[in-house]
Amino acid sequence: MDRDLQCRAHEIGRRAALGLGFSLVLSPRLVLAQTDPAHERPREGDLLVTVGASGSEPLKPEELTLNAKQVFAWPMDPMTNTVRNGSRLNKVLLLRLDPEGFNPATKERAAEGTVAYSAICVHTGCDVTNWDPDRQLLGCPCHYSVYDPKQAAKVVSGPAPRPLPALALKIVDGRLVVAKPFTGRAGFQQM
Amino acid sequence: MQKKFRLHLIVAVSALALVLSAATVSAQQPLPPLPTPDTPAPVPPILQSYKPVTQEQLKQPQDGDWLMYRRTYDGWGYSPLSQITSENVGRLKPVWTLATGQIEGHQAPPIVSSGVMFVATPGNQVLAIDARAGNLLWRFKRPIPEDMLLLHPTSRGVGLLGDKVYFAAADTVLIALDAKTGKEVWTAPVEDYTHGYYMSLAPLVADGKVMVGVSGGELGVRGFVAAFDAETGKPVWKTYTVPDPGEPGSETWPKGDQWKTGGGSVWITGNYDPQTNLSFWGTGNGGPWMGDQRPGDNLFTSSVLALDTATGKIKGYHQYHPNDSWDWDEVSPPILVDYQHDGRTVKGLVDVARDGYLWMLERTADKINFIDGKPFVKQNVFASLDPKTGRPNVDPVRQPATGKKADFCPSLWGGKDWPPVAYSPKTRLLYIPANENLCGTSIGEPVTYTPGQRYVGATTTLYVAPGADHIGELQAWNLDTGQKVWSHPFTNSQLWGPVLATAGGVVFAGGTNDRYFRAFDASNGKILWEFRTGSGVNGVPAAFQIDGKQYIAVQSGWGVDAARMQARINLVRPWEFPDVPQGGSVWVFALE
């Protein structure tokens, strides 16, 4: 029995290894996601740099205007200064708002009123670029999903099936720092 | 006695221990062996006897088969089956149904050959089903890359030739599947999805080639049609819908780099004329959306292109409207049909366009001629057409631009979007799934191109025309007289229902938000039968026959633009339109 079990375990291991080999061969993007720091999702301790910025100066909360349209940022590895822009799923949107209306989850994740969410709409994957300053709501320009950034980015209307993944923040040495990974999978709904 | 009892007890306890021990051992058993990739599943008998599809069959299919997107190369969407008639269609009942496991818009026709049905669904999935019994024979699924921006998650079907099933995967890979097993025979990269390209059309299979086009008009793509060898998957030719500088048509673009991101996507299957070996493809609007950001006619956007199927060379074109600023993709290709005009028979091309016009054209071996054009819905953008060329005289007030808002009808979704028309040679009527009474506004803004990102530069609205008593409208037009013969209005729904015409004098279509699939009298538009499915019916209906019995098949599965349009209508008429649940299924009907 033990011998049989051993053989089967060996067999499964061999198949798993083969399977992994296949997936590595077939999915170069997956390999990159696992090995290239620029592809890795935001990690605790990452700094944030503005998308399109020429340098790699980390963002500070006071650089965000209160109640203004979202700013897009990439996470950056603080040790190597590697900007994690290898996958569009790493893109983050930042807003600085009055924390008065935040729900408890948002309050816990915010740092001095700054909240961070995945910038990628969870419906079909467009960037969430619209901002309604009067109602303080985020919007996707493609299919009009609307999210409330004060309520953990819950879906207010539109086809999005779930909230935007949130990224908890903290302030370290006056700079915005990622406190925890995304609360969920960034990207569009899988079918 | 006591000793005997003790013995029995010992035996019983031992037996129990053995059972328990066996159960424990069983609980510790390793997982059952995994099926190895090189151990093929047994091929069901119906697939073992699957007959390869020949090029001749594609040209002249058996009456009971549905081998391509519109059944025949001319794009008619017509079945010669006549068992189901306007007299007996009221007795139509479901035979079987099958859940696809997917959400979003299920738009593909069930393709039927040798009694096997091939159905493409959203989620990069193809199903092979026993068409008579509804048994699932195999399922192919290709993961969609997680970082993909897939604006229109749908597929409009597969193509067939030989023992292969051709599928245009959303992530711009053309795949040939073995019809008997659903395994990949070859894959051919078509473009790079990270640059905004995706695919949603059913491949056109003709002349030994498999032809596909690309979507992505909102993402800064440059449209093209590409042909691959049907046997090997090797690329044969690729023709851009926006020419390179110096090529014919490039003079209609500004001197800058606009042509590189000029749009002209191709996301509906072309039609084909075996006599001339020309295939006819509709092209999308220019990108970004505002015409003043790409001054000129912008050939060959919002056009029909006649391509030499052997070489891909452009042999003719007709641009429905130049310098589009309304998002009027003209991707539905014209159907090939001869009609009477001014006392002569025209070898025709007839297109029902998003710009709200019914276009009557003429096809020749090396040119497309304009014959006539007239609006089939409210259209306030074209003041007139040039009688010789058909070029619209655009009312400048109705043309939005960067910083200039304009109000226009029909809306950005047009008088008819992608759902295909059908034509019956028996009634000589063309059946149009139209949307009437929808208008909108658009204003342009500067936009910067970033690869793979939205590249539109417009803010739009949609509204229902004042006094409107309906939106969706199934219309029937006589092509010889150029007159509308009947129309069936839908008071509280838009119409996103591809049409099937049959020799039994029955026309089938779904497409409304009440989830019904309907049969209409082909001669007068009267509803003869209707059946309520679980979701809205956006699929292309098909008819087929097995062992002398006629079936009607369609996919139910609401989503993509039908749902998007409703979301916009809800903004101006809240609570008047029902929530339509998503979730796909295949339905097959027959007479009781």
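Every number here is computed from the coordinates shown, using simple stated rules; none is lab data. In this text, all values refer to a predicted model and were calculated from it rather than measured experimentally. Please note: Cβ atoms are built from the backbone with ideal geometry, for glycine as well, and neighbour counts cover all protein chains shown.
Residues of region B:194-216 include at least one that is within 24 Å of B:Val116 (Cβ to Cβ), within 20 Å of the chain's Cα centre (by Cα) and within 14 Å of another protein chain (Cβ to nearest Cβ). A count restricted to region B:59-89 and to residues that are part of a loop (DSSP other than H, G, I, E, B) and either more than 15 Å from B:Thr269 (Cα to Cα) or without any contact (Cβ under 8 Å) to a residue 24 or more places away in the chain (or both) stands at 16.
Would you confirm whether any residue within region B:88-100 is more than 13 Å from chain A (Cβ to nearest Cβ), among the β-branched types (Val, Ile, Thr) and closer than 30 Å to B:Met565 by Cα? First the steps, then the outcome.
So the first thing to find is which residues in region B:88-100 are more than 13 Å from chain A (Cβ to nearest Cβ), and the list is B:88-99.
Remaining after also requiring among the β-branched types (Val, Ile, Thr): B:89, B:95, B:97.
Keeping just the survivors that are closer than 30 Å to B:Met565 by Cα gives B:97.
Yes - at least one qualifying residue is present in region B:88-100.
Of the strands (runs of 3 or more DSSP E) contained entirely in region B:213-285, those carrying at least 3 residues that are more than 23 Å from B:His195 (Cα to Cα) fall at B:271-273, B:278-282. Annotation note: of B:Ala128, B:Ala108, B:Ala133, the sole residue that is more than 14 Å from chain A (Cβ to nearest Cβ), free of Cβ contacts under 8 Å to residues at least 40 places away in the same chain and of a type outside the set (S, T, N, Q) is B:Ala133. B:Met148 satisfies every condition listed in (1) in contact with a Phe, Trp or Tyr (Cβ under 8 Å, 6 or more places away or on another chain); (2) under 21 Å from B:Ala176 (Cβ atoms); (3) within 13 Å of chain A (Cβ to nearest Cβ) except (2). Checked against the criteria, B:Thr450 does not count as in contact with a Lys or Arg (Cβ under 7 Å, 6 or more places away or on another chain) and among the hydroxyl-bearing types (Ser, Thr, Tyr). Within region A:115-133, the only residue that satisfies the criterion of being more than 11 Å from chain B (Cβ to nearest Cβ), more than 15 Å from the chain's Cα centre (by Cα) and under 25 Å from A:Asn85 (Cα atoms) is A:Trp131.
Can you name the strands (runs of 3 or more DSSP E) wholly within region A:77-136 that have at least 1 residues being of a type in the set (Gly, Ala, Ser)?
Details: elements: A:92-96, A:114-118, A:130-132.
Because the criterion is at least 1 residues that are of a type in the set (Gly, Ala, Ser), the strands (runs of 3 or more DSSP E) in region A:77-136 that meet it are A:114-118.
Only one entry of B:Thr181, B:Thr241, B:Thr232, B:Thr154 meets the criterion of being away from chain A (no Cβ under 13 Å), within 20 Å of the chain's Cα centre (by Cα) and polar (S, T, N, Q), and that entry is B:Thr241. The residue that is farthest from A:Ala153 (Cα to Cα), counting only those in region A:111-140 that are without any contact (Cβ under 8 Å) to a residue 60 or more places away in the chain and either in contact with a Ser or Thr (Cβ under 8 Å, 6 or more places away or on another chain) or among the hydrophobic types (A, V, I, L, M, F, W, C) (or both), is A:Cys126.
Of the residues making up region B:174-193, at least one is over 22 Å from B:Pro541 (Cα atoms) and in contact with a helix residue (DSSP H, G or I) (Cβ under 8 Å, 6 or more places away or on another chain). Restricting attention to region B:181-212, report how many residues are part of a loop (DSSP other than H, G, I, E, B) and crowded, with 21+ Cβ neighbours inside 10 Å. The number of residues fulfilling the criteria is 9.
The residues in region B:136-165 that are outside any loop (DSSP other than H, G, I, E, B) and over 15 Å from B:Val116 (Cβ atoms) can be counted, and the count is 1.
Is it true that B:Leu161 is in contact (Cβ under 8 Å) with a residue 60 or more places away in the chain, closer than 30 Å to B:Lys260 by Cα and hydrophobic (A, V, I, L, M, F, W, C)? Give the derivation first.
Numbers: in contact (Cβ under 8 Å) with a residue 60 or more places away in the chain: yes; closer than 30 Å to B:Lys260 by Cα: no; hydrophobic (A, V, I, L, M, F, W, C): yes.
So B:Leu161 fails the test.
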